Amino acid sequence: MPDPARPAVVELRGVSKEYMRDKTPVPVLKDTDLDIPQGDFVAVMGPSGSGKSTLLNLVAGLDRATTGTVTVAGQELGELSESKLTRWRSHHLGFIFQLYNLMPVLTAFENVELPLLLTSLSRRERAEHVRTALKIVGLQERHDHFPRQLSGGQEQRVAIARALVNDPVLLLADEPTGNLDSTAAQEIMDLLQQLNEEFDKTIVMVTHDPRAARRARRMLHLEKGTFVETEVDALEARR
């Protein structure tokens with residue numbers, strides 16, 4: 001039974017997704033149900049082509065389900081137009097990508113500030129949000145550095161600060177350690193774990209790395225568009 005003290009941030013009900021290849025439908029996700037409560041940290045694993053990225057895109061509202069409903073933070077995404085979806089994402093979601101997606105001509109401060117430029121916050125208020133986000137990821141002293149002056153791990157920290165700056169309901173991470181060496185990857189997972197445990201951030205992470213997955217609270221496995229194994233408690237898997 002769902003915990004009423006931990007309302008669901010993500011609810012998928014009967015979700016299927018198929019794409020057309022020429023005139024042939026290609027199923028990617030099949031009749032999927034999923035509940036992710038507030039404060040959960042879920043790692044989604046599976047081979048290439050299993051539907052992991054499609055699942056993340058559906059939860060982000062970047063793609064639409066063929067059948068079924070996707071509800072995030074109480075909003076059924078299928079009910080929103082593309083323009084309303086864009087505004088909704090800017091207020092509710094934070095994205096963390098494998099390749100950081102930082103603007104090379106902007107400083108760390110300016111990269112983190114980018115999502116706030118679409119809000120009604122004043123310049124002073126934006127600066128306060130940016131400083132707070134950079135402090136959380138431990139880069140307040142690097143605010144005036146450009147991406148080329150940072151290590152890969154530091155670039156990913158800037159990207160995480162950018163994802164946090166709007167105080168989103170949900171963080172979506174797509175292979176966040178996939179471009180990092182083992183030391184930097186461990187530091188990024190330490191940070192994500194801290195965001196979950198200390199700041200109660202709900203996180204959905206797609207990863208191929210079992211070491212990264214074990215840092216989550218739960219591991220889910222996709223195989224050919226279907227969850228094929230019982231959920232594994234990642235807290236137990238760490239032991």
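Every number here is computed from the coordinates shown, using simple stated rules; none is lab data. Quantities reported herein were computed from a predicted structural model and do not represent experimental measurements. In this analysis, Cβ positions are derived from the backbone assuming ideal geometry, glycine residues included, and neighbour counts consider all displayed protein chains.
Name the residue, out of 112, 15, 42, whose mean-square fluctuation peaks in a Gaussian network model built on the chain with Cα pairs under 10 Å. Residue with maximal mean-square fluctuation among 112, 15, 42: 15. Taking the longest Cα principal axis of the chain as reference, the axis of helix 82-92 is set at about 60 degrees.
Note on the chain: with a GNM built from Cα contacts shorter than 10 Å, the maximum mean-square fluctuation among 106, 58, 134 falls on 106.
A helix-only calculation puts the chain at -9500 deg cm²/dmol for mean residue ellipticity at 222 nm, using -39500 (n - 2.57) for each DSSP H run of at least four residues, averaged over all residues. How many percent of DSSP beta bridges within the chain run antiparallel, rounded to 5? Among the beta bridges of the chain, antiparallel pairing accounts for roughly 55 percent. The label point for residue 106 and the one for residue 167, both projected 7 Å from the Cα toward the Cβ, are 2.1 nm apart.
Between 0 and 90 degrees, rounded to the nearest ten: what's the tilt of helix 123-136 against the longest Cα principal axis of the chain? That helix lies at roughly 70 degrees to the long axis. For region 99-239, a simple Cβ point-charge model (Lys and Arg +1, Asp and Glu -1, everything else neutral) yields a dipole of about 200 debye relative to the Cα centre. A simple spin-label model places the labels of residue 211 and residue 128 4.1 nm from each other, with each point 7 Å out along Cα-to-Cβ.
Reducing region 171-206 and region 33-100 to their Cα centroids gives an inter-centroid distance of 17 Å. From the square roots a ≥ b ≥ c of the eigenvalues of the alpha-carbon gyration tensor of region 1-92, which class results: rounded (a/c under 1.5), prolate (a/b over b/c), or oblate? Oblate shape, in that a/c is at least 1.5 and b/c is the bigger or equal ratio.
Derived value for region 88-198: Kirkwood hydrodynamic radius 13.8 Å. Basis is the mean of 1/r over every pair of different alpha-carbon atoms.
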